[in-house]
Each structure stands twice: as C-alpha cells, then as structure tokens.
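Student: Submitted below is the structure of interest, expressed as structure tokens.
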There are 2 protein chains.
Amino acid sequence: MTAEAAQEPSRQTPQCAAVPGAVLDGPVSHSISRVARLHRIAAGRLLRDLGLHPGQEFLMMHLWDSGAVRQSELIKAVGLDPSTVTKMLQRLEQSGHVRRRPDPADRRASLVEATEASCGLLMAVREAWGELERQTLEGLDATERTELARLLAKVEGSLCTSAARAAEADCHSPHQGPLDC
Amino acid sequence: MTAEAAQEPSRQTPQCAAVPGAVLDGPVSHSISRVARLHRIAAGRLLRDLGLHPGQEFLMMHLWDSGAVRQSELIKAVGLDPSTVTKMLQRLEQSGHVRRRPDPADRRASLVEATEASCGLLMAVREAWGELERQTLEGLDATERTELARLLAKVEGSLCTSAARAAEADCHSPHQGPLDC
DNA sequence: GATTTTACCTTGGCCGACCAACTAATGGGG
DNA sequence: CCCCATTAGTTGGTCGGCCAAGGTAAAATC
C-alpha cells in the first residue's frame, strides 16, 4: 500500500509523512483523541501546583457548587462510574480536600462536602480553568469559538445517543454502563 | 436544575462563596472533556469485541502501516510516554497481537511488528474506526464536519504550542514531558 | 410482617497514561 | 583509549477510569 514503507528499509522516516493510512478512516476521531490528550495534559500542568490531579477538579467544582451532597448525587452529576468516584473521594479525603460522613437519613448513603481548607483552592482552580480555556481557544476568533462550542455540543449529543442506543441493545446483557445523557 | 436546593433554605449552604456554576469558566474545556470521555467509551465498545482495549488501536494501526519498526520510532510516532508503550507492548505481546525481537544493529533497541494473526484484525479495526467516525459525526452535515475538523486542528495546534511553551519555561526543571508536535 | 427488589456504596482487578529513577548500550570528544 | 553525555527500554509507583461482584440498607411487593 504505502509506497514509501514498501521500499525503504532505512530509518529516518520523515516526520511530516507520518500520517499513516489508518488515519484515513476517522480523521476527526483521531483529532479528538489527540486534542483530548493535549487538553488533559494542559489541565494537569495547570492543576499540579494546586495539588489536584486531572479529573479531580470536576468533583471539587461540583462540591464547591453544591455544598454537602449525597454521593449518589455527585455520581449522577459527574456521570462517572460509582467505583471511580469512591476511589477519588477516598484520595481526596486523605489529602484533606473533602470530608465524608454517613447520611443520618439513610444509613446506606454518605454525604460529601468540600473542606474549608479546600475552599482556598476555589479561586485558583477557576483561574486555572480560565487559563486552560484561554490556551485551548487561543488562535480562534469569537465566531470560531462559538461555532466550536456548538459543534462539540452536537457531537456530544450524537455520542450520547449512540451510547444509549448501544446500551439499550445490550440491555439483556450484563452490561450497564454509566449512561447519563 | 438545582431547583430543590433553592427550595430548601435549611440545607447547609456551602461555607465557601456560593458560586453558581463553576462550569461558567471553561465551557469549551468542559465540553472537550465530556466529548473525549464519550468518544473513548464508544471506541472501547466497538473495540471490545475485537479483543483490543481503547488506546491499543493506535499502536496496532501504526504497526500495520509500518511493518517492523524500532520501538523508539513507535514511541515518537504515537507521542506517548515510553513507559506506557513498553507496558502496552508487553500486554499486546502476551495476547499475541505483537512480536518483539532485539535489533541486531543496536543491542539496546528492539524491533516491533504485528503478528500475522493480528492482521486479521486490520479490517475489523478500520471498520470499527469508520463506525466510530460515523457515530461521532452523526447529525453534522458536510460543511459542519469540515469546519469541526478545521477547528479541532487549530485547537490542537494551540494546545501544542502551549505545551511547548510551558516545557521551555520548565526546561531547567526536571520536567521533560512527551512533547511531539 | 416477611420477602423480594432496588438503591448505595465498596472492593478487587485490569488497563491506559504519567513521572521518576534506573540499567545498559552507543557514540563523541579529550 | 577512556570518559562522559546521549539514547533505548524497563521497572515501580500513582491516578483516573472501567467492569464485575459483593454486602448492606431502604423501599416495594405480597
């Protein structure tokens, strides 16, 4: 297929030609993956100084917004797997950002809230997210930004209904992913 | 939303400043994160039946394209951390998708190639990626698709230069992330 | 009131991905 | 020729994230 690979055993493959044919099916998918990774790395870099790992900020933001909240509510809000949230909360609790106590009204549930100490991070995290947004959208003018937001929202909807459709098709199978669209 | 919160003033209001919607700073960033997660889940669902975990398809695609390749080349091509690639290759080798042998020309290096058995997956993986692309772009017309691709490429570029800038600023620090833009 | 069902969380296992630190081989200057 | 910086890969640790399975408590049903 690829003419250059068939013939030249020498290395020094020119970087620019490094777009393999596999990218041909799914250029946007590849782009999404790469953007996601870069975005996550950028977030991690900005969050690192605050003592947060990428992903935790979602939980903290919701806690800062909502005050004490039942863990199930939190899980529904962020749309993650319950076990993921459990472990993240265990780590956040150990690092002092979060406090948990049993719900007096329901002995199965537990209430989660951000600690007072963590509130000092609120502004810093918001600032970091602002900076992240700035870095992300740097180079796009206003109309491009709104257009990107619109398209992403549309893609999100599509992927969501796709996931729901797949889940519904597998409803008899023991598969019950965290679907929350 | 949060209608019940407003309805219950007795609820422990957050001790931190009551900020309505931390999502406000960084709407596109939030959207990117959610889309990325949904996209990865969709990819995982499509890849699961093929015995591949999400992320491995990148490696396999490159191997199918390039034949036997030095591991360092592979690492450069996918842009991942070397240790990540090492572990993924160990698992892919154990599951029979990949073969590794030492490079006779350089005793440090090792050559990686896809096994013949794995080649049966090639078409299936391409098909899966095609389906993923279809699900992702479902609901977008042609101009929207090209526009999305264009905007994503621009964002990718921005995030890349941002990362490079940050890395350069930290060049004295022991930080040397896998930057490859 | 007893039984089934459902909801809430936890644990263990696995994988992708990162960083830090390490070994080993290569190759370039004194 | 030897020393030293660079390159190639590996290991260990940590985290986010998923799935599968389990245990306990509330709610629904009988």
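Student: Roughly how big is the B-A contact, given as buried accessible area in Å² (both sides, 1.4 Å probe, nearest 100)?
Tutor: Numbers: alone 13370 and 13220 Å², together 19830 Å².
The B and A chains share an interface burying roughly 6800 Å².
Student: Additional query: Amide H neighbours of A:Arg70 under 5 Å, counting only residues 5+ apart in sequence or on other chains, H built in-plane at 1.01 Å?
Tutor: A:Val112
Student: A further question follows. From the Cα gyration tensor of region A:23-126, with a ≥ b ≥ c the square roots of its eigenvalues, which class applies: rounded if a/c is under 1.5, or else prolate if a/b is larger than b/c, or else oblate?
Tutor: In terms of gyration-tensor shape, oblate.
Student: Along Cα→Cβ, 7 Å out, is where each label goes; now give me the distance between the ones at B:Arg40 and A:Thr161 in nm to one decimal.
Tutor: So the label points at B:Arg40 and A:Thr161 sit 2.6 nm apart.
Student: In whole percent, and with a 1.4 Å probe on the protein chains, what portion of the accessible area of region B:53-159 is carbon and sulfur?
Tutor: So the carbon and sulfur contribution to the accessible surface is 54 percent.
Student: Run through the other copies and list how far each one's label point is from that of B:Asp141, in nm with one decimal, shortest first; the point sits 7 Å from Cα along Cα-Cβ.
Tutor: 2.2
Student: Also, quick follow-up: What nm value, rounded to one decimal, do you get for the distance between B:Arg145 and A:Ser110 when each label is placed 7 Å out toward the C-beta?
Tutor: Label at B:Arg145, label at A:Ser110, 4.7 nm between them.
Student: Between region A:51-117 and region B:94-121, how many Å separate their Cα centres?
Tutor: 44
Student: What does the copy distance list look like for A:Thr84, label position 7 Å along Cα→Cβ, in nm and ordered from shortest?
Tutor: Result, one decimal in nm: 1.6.
Student: Separate question: Can you pull the mean other chain C-beta count within 10 Å for peptide B:87-97? Provide the component values of the computation, followed by the final result.
Tutor: Values: counts 0, 0, 0, 0, 0, 0, 0, 0, 0, 0, 0.
Counting other chains' Cβ atoms within 10 Å and averaging over B:87-97 gives 0.
Student: Now, a different point. Give the relative contact order (percent, whole number) for region B:72-114; include only Cα pairs under 8 Å separated by 6+ residues.
Tutor: 26
Student: Taking the full set of protein chains and a 1.4 angstrom probe, give the accessible area of B:Lys154 in square angstrom, rounded to the nearest 10.
Tutor: B:Lys154 exposes around 80 Å² with every protein chain in place.
Student: Another question, then. Give the shape of region A:104-150 as rounded, prolate or oblate, defined through the alpha-carbon gyration tensor: a ≥ b ≥ c are the square roots of its eigenvalues, a/c under 1.5 means rounded, and otherwise the shape is prolate if a/b is larger than b/c and oblate if not.
Tutor: oblate
Student: Students often forget the sequence filter, so: which lysines lie under 23 Å Cα-Cα from B:Lys87 once same-chain residues fewer than 8 apart are removed?
Tutor: Cα-Cα hits under 23 Å: B:Lys76.
Student: With every protein chain present, what is the per residue accessible area of region A:55-138 (1.4 Å probe, Å²)?
Tutor: Counting only protein heavy atoms, the per-residue value for region A:55-138 is 48 Å².
Student: Same structure again: Label position 7 Å from Cα toward Cβ: report the copy-to-copy distances for B:Asp49 in nm, one decimal, ordered from shortest.
Tutor: Reported distances to equivalent positions: 4.9 nm.
The values are calculated or read from the model by the stated rules, or taken from the named source; none is laboratory data. Since the structure is predicted, the reported quantities are computational estimates derived from the model, not experimental observations. With ideal geometry, Cβ positions are generated from the backbone for all residues, glycine too; neighbour counts draw on all protein chains shown. These area figures cover heavy atoms from the full protein model, side chains too; ligands, DNA and RNA do not enter into them. Shrake-Rupley method; radii C 1.70, N 1.55, O 1.52, S 1.80 Å.
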